[in-house]
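Colleague: The structure follows.
The values are calculated or read from the model by the stated rules, or taken from the named source; none is laboratory data. Bear in mind the structure is a predicted one, so any value in this text is a computation, not a measurement. Please note: Cβ atoms are built from the backbone with ideal geometry, for glycine as well, and neighbour counts cover all protein chains shown.
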Amino acid sequence: MKDVHQIHAQMIVTGFIHHTPSLTKLISHSLSADPTSLTYACMVFNHIHQPNIVIWNTIIRGFVDHSFPKVAILGYVEMLQESKIIPDRITFPSLLKGCAQLLAFNEGKILHGQIVRLDLDSDLYIQTTLVKMYAACGDLNSARIVFEKMGTQKNQVAWTTMISGYARNHYPKEALILFNEMEKEGLEPDEVTMVSVLSACGDLKDLDYGKNLHFHIDESGMKVCVVLGTALLDMYAKCGELDLARHVFDALPERNVVAWSAMVSGYSQNNCGEEALRLFKEMVFETNQKPNEITILAVISACAQSGDLNLGRWIHAYISKAQLNPSISLQNSLIDMYSKCGQIDVAHRIFYGMPEKDIVSWNTMINGLALHGLGVQALDQFSIMLMSGIRPDDITFIGVLSACSHAGLVLEGRQQYQNMRRIYGIVPKLEHYGCMVDLLSRAGLLQEAENFIQEMPMEPNGAIWGALLSACRVYNNVEFGKKAAKRLLDIEPDNDGVYVLLSNIFAGQKQWAEARKVRSLMHERGIRKMPGCSSIVVDGIAHEFLVGDRSHPESENIYLMLNHVIQRLKSAGYAVETSEVLLNIDEEEKEDSVSQHSEKLAICFGLMKTMPGTEMLIMKNLRVCGDCHSAIKYISKVFQREIIVRDRSRFHHFKDGSCSCRDYW
Ligand code: ZN
Ligand code: ZN
């Protein structure tokens, strides 16, 4: 700026200040990244008596290029109204660029009208920036109309703009179709186009197309820099090909935070929570990369999936320590993580502390309470939400209805279902029907649940018949059980759970022959029961156990502990409940297989490895069986431990010999 000031002074002395080309140079050079330069350029400009179009164009472009698009547009208005100067083909591209920056769609359209009136709409440069402006504002139709008008004049920039416009606004199909056309024209895609097309492939989960592009990139010798590499790995991750994604990631010449985030999110979104966490730890502790919000969101969701509360807490502390101003979505994901890791109280505290909440915050909180069986609290929260003037959406009602279902609030559930349709005009989706069937069946209203299914306007899915079937197991109802199982197998012939439940229903009624028939049918069809699997995180490492698992290095001690635990429970009054065991084997054998259920093994390991009094969190892939449920209640009392079990459908908080589900699950 110092030099600019000196030159300015000399120009005044020598009279060059009246020489337009020098003056425009002075203005464009004085506009720099320095914020004071804006005022300076304005001052120079204001001293010019009747600036001509060249000077106007310079100052307008300067403002846009230095991210003051609003000033540029206001200046343009002044130019038209006060100076009565007619804009030319140089004026518009800067203004359109400014509109794109501001997402000022209406102003952009007005400019387009002026361009047509001035007969400048066949200018290649103007057309390209028009396409850019419309694409940035999300009006792909208008962008396409301008693009098509360019005819054979279309250049590389126009193609890239149009293709990435489609990709960025989530029209992946259109992006790929246009990309094909571009290749037919014989144009070589550049890096920007490639990145857009890869993202379109990811959105469409079109792995074949994506692999072709990868091949094309390798063939053409295009350099796989960080940006292109990240787009590649992101495409593979979205297609579920994590190994290929990782391969690209490992081969990157350098990795920035965007690349790391893409890989961590890839794992997290494909339900590979543990891989996501491992990579995140490597990123933070070994490479000293600073995570950004995208990384943190991915990691929090991975913690929620794998139930890694310790790392979740660490991230939370990290956010506070780094004094990142947590966005609403970051806080929402913390609420989700804490409630999925069994810490509903902490989730609640964060929720209360949020200065601003959006609908997702409310939905996450209500759904979290529902998962924990805290039906009444969930409904209270829902009333507060309504009183705050927030309109519930379909996801809110999934939370509300499942809260009623988990807490056995049949009347309330029916009422809310009616309200959802009548007051809020929300058309029930499959999930809502699922909640209602679940609500009715859990309450033992099997006939009503079946009627409800018959009256659904759409085909019921497996989950809906599954809800009825599970209830039939609880109420030992063979008649409805058979019906539900048949319908469920029509939809999901390979669902191992159906066979298991049905044979359990027969076994519960001591119809051993029928139960065995189901088992052998399952065997004939080559379907195997998904083994129960439970995990517990001790010192940051997840330990997994299957039924009767002896693969753990400390297996011997775990089984000794198990025996000890069962003896102590028995002397406290616990009796092994064997009705959940399928076959007509003798009682002792049944007792053995029940007592080796995976959650019991995980809890025994937890008892060995954690300090007395420490709370334990167990994750289970299937529903907890009746015997484990009763055993864990006894353990919580005899060993004075709070135990939280997250099974396939909800949370159980065991404390002092009882469970938060009040034996209703
Ligand atoms: Zn069990
Ligand atoms: Zn329970």
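Colleague: Quick check: anything in region 66-74 of a type in the set (Lys, Arg) and at pLDDT 95 or above?
Modeller: Looking only at region 66-74, we keep the residues that are of a type in the set (Lys, Arg), and these are 70.
Still in the list and also at pLDDT 95 or above: none.
So far as region 66-74 goes, no, none of its residues is of a type in the set (Lys, Arg) and at pLDDT 95 or above.
Colleague: While we're on this one: Of all residues in region 86-115, which are of a type outside the set (Ser, Thr, Tyr) and closer than 23 Å to residue 39 by Cβ?
Modeller: Applying the first criterion (of a type outside the set (Ser, Thr, Tyr)) to region 86-115 yields 86-90, 92-93, 95-115.
Across region 86-115, the qualifying residues are 95, 97, 98, 101, 102.
Colleague: Residue by residue through region 608-625, note down the ones that are over 18 Å from residue 307 (Cα atoms) and more than 12 Å from ligand 1 (Cβ to nearest atom).
Modeller: Filtering region 608-625 for residues over 18 Å from residue 307 (Cα atoms) gives 608, 611-613, 625.
Passing the criteria: 608, 611, 612, 613.
Colleague: Also, quick follow-up: Please find, within region 635-646, the residue that is surrounded by the most Cβ atoms within 10 Å (Cβ to Cβ) out of those that are away from ligand 2 (no atom under 12 Å from the Cβ) and farther than 15 Å from residue 567 by Cα. Steps first, please.
Modeller: Residues of region 635-646 away from ligand 2 (no atom under 12 Å from the Cβ): 635, 637-642.
The next check asks that each one be farther than 15 Å from residue 567 by Cα; those that pass are 640-642.
On the way: 640: 11, 641: 21, 642: 15.
Applying the filter and picking the extreme gives 641.
Colleague: Condition test on residue 376, is it surrounded by fewer than 19 Cβ atoms within 10 Å (Cβ to Cβ), under 21 Å from residue 662 (Cβ atoms) and in contact (Cβ under 8 Å) with a residue 12 or more places away in the chain? I'd like the intermediate steps shown before the answer.
Modeller: Details: surrounded by fewer than 19 Cβ atoms within 10 Å (Cβ to Cβ): yes; under 21 Å from residue 662 (Cβ atoms): yes; in contact (Cβ under 8 Å) with a residue 12 or more places away in the chain: yes.
When the stated conditions are applied, residue 376 passes them.
Colleague: Those residues that are of a type in the set (Lys, Arg), more than 9 Å from ligand 2 (Cβ to nearest atom) and out of contact with any helix residue (DSSP H, G or I) (no Cβ under 7 Å at 6 or more places or on another chain), I need them from region 647-665; list them, please. Give the steps one after another, and end with the answer.
Modeller: Looking only at region 647-665, we keep the residues that are of a type in the set (Lys, Arg), and these are 648, 650, 655, 662.
With the extra rule that they be more than 9 Å from ligand 2 (Cβ to nearest atom), the set shrinks to 648, 655.
Result: 648, single match.
Colleague: Do we have residue 318 as of a type in the set (Ser, Thr, Tyr) and closer than 30 Å to residue 394 by Cβ here?
Modeller: Values: of a type in the set (Ser, Thr, Tyr): yes; closer than 30 Å to residue 394 by Cβ: no.
So residue 318 does not fit the description; no.
Colleague: Output the residues belonging to region 300-328 that are farther than 18 Å from residue 539 by Cα and not in a helix (DSSP H, G or I).
Modeller: 322, 323, 324, 325, 326, 327
Rundown of residues vs (1) buried (at least 21 other Cβ atoms within 10 Å of the Cβ); (2) touching a residue at least 60 places away in the same chain (Cβ under 8 Å); (3) farther than 21 Å from residue 663 by Cβ, yes/no style:
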| position | (1), (2), (3) |
| --- | --- |
| 391 | no, no, yes |
| 412 | no, no, no |
| 416 | yes, no, yes |
| 436 | yes, no, yes |
| 464 | yes, no, yes |
| 471 | yes, no, no |
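Colleague: Can I ask one more? Among 650, 662, which is within 16 Å of ligand 1 (Cβ to nearest atom) and either of a type outside the set (Val, Ile, Thr) or in contact with a Leu (Cβ under 6 Å, 6 or more places away or on another chain) (or both)? Walk me through it before giving the result.
Modeller: Details: 662 fails: within 16 Å of ligand 1 (Cβ to nearest atom).
Going through 650, 662 in turn, the sole match is 650.
Colleague: In region 622-634, what residues are more than 12 Å from ligand 2 (Cβ to nearest atom) and touching a helix residue (DSSP H, G or I) at 6+ places or on another chain (Cβ under 6 Å)? Let's see the steps before the verdict.
Modeller: Here is the first cut: in region 622-634, the ones more than 12 Å from ligand 2 (Cβ to nearest atom) are 622, 627, 634.
The answer is 627, 634.
Colleague: Quick check, is residue 165 part of a helix (DSSP H, G or I) and surrounded by 24 or more Cβ atoms within 10 Å (Cβ to Cβ)? It would help to see each step written out before you state the result.
Modeller: Values: part of a helix (DSSP H, G or I): yes; surrounded by 24 or more Cβ atoms within 10 Å (Cβ to Cβ): yes.
So residue 165 passes the test.
Colleague: When you check residue 378 against the structure, is it in contact with a helix residue (DSSP H, G or I) (Cβ under 6 Å, 6 or more places away or on another chain), within 16 Å of ligand 2 (Cβ to nearest atom) and under 25 Å from residue 619 (Cα atoms), yes or no? Before the answer, list the steps.
Modeller: On the way: in contact with a helix residue (DSSP H, G or I) (Cβ under 6 Å, 6 or more places away or on another chain): yes; within 16 Å of ligand 2 (Cβ to nearest atom): no; under 25 Å from residue 619 (Cα atoms): yes.
Here the answer is no, as residue 378 does not meet what is asked.
Colleague: Do we find that residue 559 is aromatic (Phe, Trp, Tyr) and within 23 Å of residue 441 (Cβ to Cβ) in this structure? Even if it seems obvious, please write down each step before you answer.
Modeller: Values: aromatic (Phe, Trp, Tyr): yes; within 23 Å of residue 441 (Cβ to Cβ): no.
Criteria not met by residue 559.
Colleague: Inspect all residues belonging to region 90-97 and state whether any of them is of a type in the set (Val, Ile, Thr), in contact (Cβ under 8 Å) with a residue 24 or more places away in the chain, over 23 Å from residue 30 (Cα atoms) and assigned to a loop (DSSP other than H, G, I, E, B).
Modeller: Of all residues in region 90-97, those of a type in the set (Val, Ile, Thr) come to 90-91.
Keeping just the survivors that are in contact (Cβ under 8 Å) with a residue 24 or more places away in the chain gives 90-91.
Okay, now just the ones that are also over 23 Å from residue 30 (Cα atoms), so none.
No, region 90-97 has no match at all.
Colleague: Got a number for residues in region 626-642 being touching a Gly at 6+ places or on another chain (Cβ under 8 Å) and within 16 Å of ligand 1 (Cβ to nearest atom)? Can you show your working first?
Modeller: Residues of region 626-642 that are touching a Gly at 6+ places or on another chain (Cβ under 8 Å), as a first pass: 633-634, 636-637, 640-641.
If we keep only those that are within 16 Å of ligand 1 (Cβ to nearest atom) as well, we get 633-634, 636.
Count: 3.
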